[in-house]
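Have a look at the structure below before the remarks.
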Amino acid sequence: MIDQINNTQAIIRSKMQKITNHNYDKVMTSDIVAHHIVHQFNPSGTILEPCKGTGSFLKFLPNGTLWCEIDEGKDFFKFNEKVDWIITNPPYSLARDFMIHSFEISNNVVLLLPATKIFASGGKMFGINQYGGIKVIQFVKPKLCGFNFGWNVAIFHFQKDYRGMTQINYEFNKFEWLNQIGTMPFYRCNICNKVLRYK
Ligand SMILES: C[S@@+](CC[C@H](N)C(=O)[O-])C[C@H]1O[C@@H](n2cnc3c(N)ncnc32)[C@H](O)[C@@H]1O
């Protein structure tokens, strides 16, 4: 019975993805923001990048970080091991399902998403409240993330059983803009002093 339900859910997901599949399911995170997120949350224990794309986050996550990527035959929805951290920028058409499955297997979930993907649905807020809470929200400019759209983007840190206050801030302050050569600005991370190129 459970297998049947799982199969039906997978079929619906795959159909939904085909119907809604657009460029926004494949927007890759810039190095500067991937580096910042990893450095900011400093994950430890077992870590999973559930949809690695071209590997922006993996570049900065510790060696041994687990990963999935549907295009390389590793479907996140078939990954059922428990992990300590999940960190990613998920495909937007599957944001809800990614969030739900992440909550099932991890105590810390960090998602980079257009803010409306979280706030526009009462169902999502209910799911978040059942899991725990939102510990941190950091707004980032979509352009800094490497995204070619104007939606308000934020980094969300969800933590299991978290019932405290939510810290909200604007994360650009963590970067010092260094100079610009042509259209390529350089930034220094104020946490580790690493200099990163925007693109
Ligand atoms: C928005 S992109 C982000 C990639 C990467 N996380 C990053 O931040 O650069 C989402 C990725 O999810 C992958 N994806 C979609 N459905 C998936 C699934 N069921 N399991 C694993 N990866 C999936 C897509 O192929 C795409 O590479």
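The values are calculated or read from the model by the stated rules, or taken from the named source; none is laboratory data. In this text the structure is predicted, and so the values were computed from the model without any measurement. Cβ atoms come from the backbone with ideal geometry, glycine included; neighbour counts cover every protein chain shown.
The figures follow:
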| item | result |
| --- | --- |
| Residue list for segment 100-126, filter: within 13 Å of the ligand (Cβ to nearest atom), closer than 23 Å to Met28 by Cβ and part of a helix (DSSP H, G or I) | His101, Ser102, Lys117 |
| Residues within segment 55-82 that are more than 18 Å from Cys189 (Cα to Cα), in a loop (DSSP other than H, G, I, E, B) and within 6 Å of the ligand (Cβ to nearest atom), tallied | 2 |
| Qualifying residue in segment 115-130 (condition: in contact with a strand residue (DSSP E or B) (Cβ under 8 Å, 6 or more places away or on another chain) and at pLDDT below 95) | yes |
| Residue in segment 134-149 that is touching a Gly at 6+ places or on another chain (Cβ under 9 Å), surrounded by 17 or more Cβ atoms within 10 Å (Cβ to Cβ) and farther than 20 Å from Met28 by Cβ present | yes |
| Failed criterion for Gly45 (all others in (1) in contact with a strand residue (DSSP E or B) (Cβ under 6 Å, 6 or more places away or on another chain); (2) crowded, with 20+ Cβ neighbours inside 10 Å; (3) at pLDDT 95 or above hold) | (2) |
| Options Asn152, Asn89, Asn129; residue that is more than 14 Å from the ligand (Cβ to nearest atom) and in contact (Cβ under 8 Å) with a residue 12 or more places away in the chain | Asn152 |
| Hits in segment 58-95 - residues which are at pLDDT 95 or above and charged (D, E, K, R) | Glu69, Asp71, Glu72, Lys74, Asp75, Lys78, Glu81, Lys82, Asp84 |
